[in-house]
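Here the structure is laid out as structure tokens; the discussion comes afterwards.
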Amino acid sequence: MGTSDPVLRTLGDDAEDVREWLRAAAAGFLQPAVSEDELRTRAGAVDPERTQGAYADGRCVATCRTFAQRLTLPGGRDVPCSAVTHVTVTATHRRRGLMSAMLRRALRAAKERGEVCASLIAAEYPIYGRHGFGPATRATDFRVDLTRAGLDRAGLDRTRATGPEAGHVELVAPEELRTVGPPLHQRFRALPTSAGAIDRSTRWWLAHTGGLRYPGDERPDLFHAVYRDRDGTAQGIASYRHDRRWANSLPAGTLHVDELTAVTAEAELALWHYLLSVDWTVTVCADRRAPDDVLPLLLPDPRAARINRHHDLLWLRPLDVPALLSARDYRTAGNLVLEVHDEAGLAGGRYALDAVGAQGARCEPTTLTADLTLGVSELGSLCLGEESAGRLLRLGRLDEHRPGAADHADLLLRTDRRPWCQDMF
Ligand SMILES: CC(C)(COP(=O)(O)OP(=O)(O)OC[C@H]1O[C@@H](n2cnc3c(N)ncnc32)[C@H](O)[C@@H]1OP(=O)(O)O)[C@@H](O)C(=O)NCCC(=O)NCCS
């Protein structure tokens, strides 16, 4: 156990400061040693000004950093968001409030920078609710048993677009995906139905395509497929790997879908059909898909797509309620007054939402009587449309001051397509 009280500070430009911080982060994630190579690679992602460490007895014992992220809201507009990552406290210093202190500082700094909310992916569910974060998107891990899916040649052809209108799938080299992928993903993020999507950095694309390798990361290289429509325009991408397993002289392989992003329904279906028809494959695993992905229903027997896991993914913490709620679209026009409680004093207040449906909304502080009172983490869960105000009401996690107000909130806030984030950070 350490003896002196840890002191929190923001990192300086000194390279050794960053390396010491990275070693502490590794220890916090229970990785005993980090190679020089790994330190060098990981240092490139760290912006010292957005990075905090806690120091005791000359050692870094706790870490937390943020980076600038763009988050798509229902309707397709995006807002600046503070992505929180590398939250660790070394085992010798746990449960003394270090994480809480770092988060408070990180959230205050994000608010000062004008970031509309903070986001993270929670290692464990109970950690972040008390800091105002709520689960805002969920994801589904599918495992398709191709032997039960009914996708024989005829089954595939029944639902596959063919003829002169049809585009085609082609395999591309990693370098080509680095060119095709970023603008396609930008188009995807701007779709009205892409709530929950986050931007991908150049570094993300490099890591995804094998151009940046974290030492010790033994994941095999991926295949990259692009769907082009009949005019040759890329409308979807998918990346996957195959384990090439055989058993008793029969193919027994699993194809793992790493990602699939499509901007048209035609591209989405064509890419799924391609992935489901690769030879030597009996199982297709696709993790972190949207809970309402088309996947099960494009199989003649949808039960062949077993849900392995259905889990929370992106957590959001509102920091600027008017900016957040006025940047999204709503299913219909309507008014709602929300009283938001925030113990951290960052986003609390009473706000009048005046939604004009798909044309956006106004949201401003108000003195009108509140329709609903809720905590900031509940607003985090509701703001993309994933959670239901009615469900939170039944749980006693929000208060209704006008009968039907929770139902009205659901009518406004919920989305036809569920919000979805497929990226980890
Ligand atoms: C999770 C972690 C960062 C918490 O750090 P910490 O400094 O011990 O947390 P704090 O002391 O600030 O805890 C604040 C409160 O949250 C609770 N809490 C913290 N971690 C928790 C967990 N994993 N599960 C449930 N409650 C947790 C604490 O019990 C404490 O509650 P209390 O105030 O009622 O006593 C640390 O345990 C850790 O590094 N874990 C391994 C890496 C990890 O999971 N990081 C998160 C990545 S998303």
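Overall form of the stretch 4-162: prolate. Here a/c, set by the Cα gyration tensor axes a ≥ b ≥ c, is 1.5 or more, and a/b is the larger of a/b and b/c.
Roughly what % of Cα-Cα distances in the stretch 140-310 sit above 30 Å, to the whole percent? Write out the running numbers ahead of the final one.
Values: 2277 of 14535 pairs.
Above the 30 Å cut-off, the stretch 140-310 has 16 percent of its Cα pairs.
As a rough footprinting exposure proxy, the listed residues Trp246, Trp315 were ranked by other beta carbons within 10 Å of their own, and the order from fewest upward is Trp246, Trp315. A Förster radius of 35 Å combined with the Cβ-Cβ distance from Arg143 to Thr202 puts the calculated FRET efficiency at roughly 0.60. Distance between the modelled labels on Asp217 and Glu16, one decimal in nanometres: 2.9 nm (7 Å Cα→Cβ projection).
Applied to the stretch 368-378, the Karplus parametrisation 6.51 cos²θ - 1.76 cosθ + 1.60 on θ = phi - 60° returns per-residue 3J(HN,Hα) values of 4, 5, 6, 8, 9, 10, 8, x, 5, 6, 5 Hz, with x for Gly and Pro.
Could you calculate the FRET efficiency of Arg187 with Asn248 from 1/(1 + (r/R0)^6), where r is the beta carbon distance between them and R0 is 51 Å, rounded to 0.05?
Numbers: r = 46 Å, r/R0 = 0.89.
Plugging the Cβ-Cβ distance into 1/(1 + (r/R0)^6) gives 0.65.
Taking amide H as placed 1.01 Å from N in the peptide plane, the amide H of Ala118 sits under 5 Å from that of Ser82, Arg317, Leu319, each at least 5 places away or on another chain.
Each stretch of four or more DSSP H residues adds -39500 (n - 2.57); spread over every residue of the chain, this sum gives -7500 deg cm²/dmol at 222 nm. Between Arg309 and Ala333, the simple spin-label model (points 7 angstrom out along Cα→Cβ) gives 4.5 nm. Report, in whole Å, the centroid distance computed from the Cα atoms of the stretch 3-77 and the stretch 355-425. One Cα centre to the other: 34 Å.
With the charge dipole of the stretch 321-413 set up from +1 on Lys and Arg Cβ and -1 on Asp and Glu Cβ about the Cα centre, the Cα lying farthest toward the positive end among the listed residues Ala405, Gly349, Thr373 is that of Ala405. Counted by neighbouring Cβ atoms within 10 Å, the residues Leu393, Leu103 run from fewest to most as Leu393, Leu103.
Each Cα pair under 8 Å and six or more residues apart adds its sequence gap; the mean of these over the residue count of the stretch 1-130 is a relative contact order of 24 percent.
A crude spin-label estimate for the pair His401 and His168, with each label 7 Å from Cα along the Cβ direction, gives 6.3 nm. For the chain, the Kirkwood hydrodynamic radius from C-alpha pairs, put into Stokes-Einstein at 37 °C and a viscosity of 0.692 mPa s, yields a diffusion coefficient of 140 µm² per second.
Near Asn335, once Lys and Arg are set to +1 and Asp and Glu to -1 for all other residues with Cβ below 9 Å from its Cβ, the sum equals -2.
Size of the stretch 321-413: Rg and Dmax of its alpha carbons, in Å, are 11.8, 33.
Once Rg and the Kirkwood radius are both taken over the C-alpha atoms of the stretch 225-360, their ratio Rg/Rh works out to 1.14. Comparing mean-square fluctuations of Leu30, Leu255, Leu171 from a GNM of the chain with C-alpha springs under 10 Å, the top value falls on Leu30. Each Lys and Arg adds +1 at its Cβ and each Asp and Glu adds -1 at its Cβ; summed about the Cα centre, the stretch 169-314 shows a dipole of about 240 debye.
For a footprinting-style exposure proxy, rank Glu175, Glu259 by other Cβ within 10 Å, fewest first. Provide the component values of the computation, followed by the final result.
Details: Glu175 11, Glu259 20.
Least crowded to most crowded, the residues run Glu175, Glu259.
Contact order for the stretch 203-333, expressed relative to its length and based on alpha carbon pairs under 8 Å spaced 6+ residues apart, stands at 15 percent. Under a 5 Å amide H cut-off, with hydrogens placed 1.01 Å from N, Asp199 pairs with Arg70 among residues at least 5 apart or on other chains. Its Cα centre serving as origin, the chain has a Cβ charge dipole (Lys and Arg +1, Asp and Glu -1) of approximately 580 debye.
Counting only DSSP beta bridges with both residues in the chain, tell me the antiparallel percent, nearest 5. Kindly include the intermediate steps, with their values, before the conclusion.
Numbers: 76 of 88 bridges.
Expressed as a percentage, antiparallel bridges in the chain total about 85.
Just so you know, all these numbers are worked out from the coordinates, no wet-lab data involved. Computed from a predicted model, the values in this text were never measured in an experiment. Note that we place each Cβ from the backbone using ideal geometry, even for glycine, and neighbour counts take in every protein chain shown.
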